[in-house]
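Asks: Sharing a structure below in structure tokens format, with a few things to ask.
The values are calculated or read from the model by the stated rules, or taken from the named source; none is laboratory data. Keep in mind that this is a model prediction, so the values were computed, not measured. Heads up, the Cβs are rebuilt from the backbone with ideal geometry, glycines too, and the neighbour counts pull from every protein chain shown. These area figures cover heavy atoms from the full protein model, side chains too; ligands, DNA and RNA do not enter into them. Shrake-Rupley method; radii C 1.70, N 1.55, O 1.52, S 1.80 Å.
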Amino acid sequence: MATRQVRSEVLSGELEPGSRVVEETLCARLGISRAPVREALRLLAQQGLVEHLPRRGFRVTVWSAEDILELFELRQVLEQHALRRALPVASSTSRDSFAPVRAALDEMRDADSRGDTLGKDDAHRRFHEAIVSLAGSRQLDVAYAPILLKLQLPMARNLREEARVANPVDGIRRHEWLLDAIESNDVSVALAALKQHGELTYLHLESIS
């Protein structure tokens, strides 16, 4: 409960980067003891959403614009490598291979229709995880996971800002187009779609750093 609540507040922007996260305040607001709050903050620190400052408690992690750009560059490099390794897949198994990516997109649609922005954020990350998993490389999955965790805040910000200033379904459409390109089973088509994916389009880096 505490983990989901704080995570939701961070991803929504209610708690801005650099904001202090005070244990006592959380305990009082959520009506729970200190132990689950401490465990929640520990988990969120592992995810890179909050950071512990010696003798000062926790605050929402601050990433510079340069940090975020470098992380997105790394994400794209690993996703490109995964697609080059995965495609084309045998036509007899292609539909089964792409099923996890398709399932994550279905979860994004479902969460969006329910107005569950946190659920949509989670499904969004699972969509990109599933793309990398197409490569069938355990070491690639292990290398990719921490980058995606660090990017969950800017990824959520971009998706939510897109829904606010454009159209709530535009983010879904972008991922439908990417899935269509991947399911074409043509690596050049998939790589071109990935390059045009637009993960930074609505991300105002000057407001995050």
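Asks: For the chain, take the longest principal axis of its alpha carbons; what is the angle in degrees between that and the long axis of helix 138-150, to the nearest 10 within 0 to 90?
Replies: Long axis of 138-150 versus the principal axis of the chain: about 50 degrees.
Asks: Also, quick follow-up: So what is the relative contact order of the chain, in percent, for Cα pairs below 8 Å that sit 6 or more residues apart?
Replies: 24 percent
Asks: Here's another thing I want to ask about it. By the scheme Lys and Arg +1, Asp and Glu -1, what is the net charge of all other residues having a beta-carbon under 11 Å from that of Ala99? Walk me through the numbers before you get to the answer.
Replies: Details: positive: Arg95, Arg102; negative: Asp96, Asp106, Glu183.
With Lys, Arg at +1 and Asp, Glu at -1, the net is -1.
Asks: Can you give me the three principal axis dimensions of the chain from its C-alpha atoms, in Å, biggest first?
Replies: That works out to 57, 36, 31 Å along the principal axes.
Asks: Largest first, please: the extent of the C-alpha atoms of segment 131-171 along each principal axis, to the nearest Å.
Replies: 38, 20, 6
Asks: With a ≥ b ≥ c taken as the square roots of the eigenvalues of the C-alpha gyration tensor of segment 65-170, please select rounded if a/c is under 1.5 and otherwise prolate if a/b is larger than b/c or oblate if it is not? Walk me through the intermediate numbers first.
Replies: Values: a/c = 2.27, a/b = 1.26, b/c = 1.81.
The shape class here is oblate.
Asks: Continuing with this model, one more query. Apply the a/c threshold of 1.5 to the C-alpha gyration tensor of segment 1-79 and tell me whether it is rounded, prolate or oblate.
Replies: Working: a/c = 2.36, a/b = 2.04, b/c = 1.16.
Prolate.
Asks: Oh, and also: Any chance you could look up the accessible area of Asp121 with a 1.4 Å probe, heavy atoms only, rounded to 10 Å²?
Replies: 10 Å²
Asks: Let me ask something else. With n ≥ 4 as the cut-off for DSSP H runs, can you work out [θ] at 222 nm for the chain, using -39500 (n - 2.57) per run divided by the number of residues, rounded to the nearest 500?
Replies: Numbers: 10 runs with 142 residues, N = 209.
One gets -22000 deg cm²/dmol as the mean residue ellipticity at 222 nm.
Asks: Further question on the same structure: On the accessible surface of the chain, probed at 1.4 Å, how many percent belong to carbon and sulfur atoms? Please report the intermediate quantities before stating the final value.
Replies: Working: 5380 of 10480 Å².
Within the chain, the accessible surface is 51 percent carbon and sulfur.
Asks: Roll a 1.4 Å probe over the protein chains and send me the accessible area per residue for segment 27-69 in Å².
Replies: Averaged over the residues of segment 27-69, the accessible area is 58 Å².
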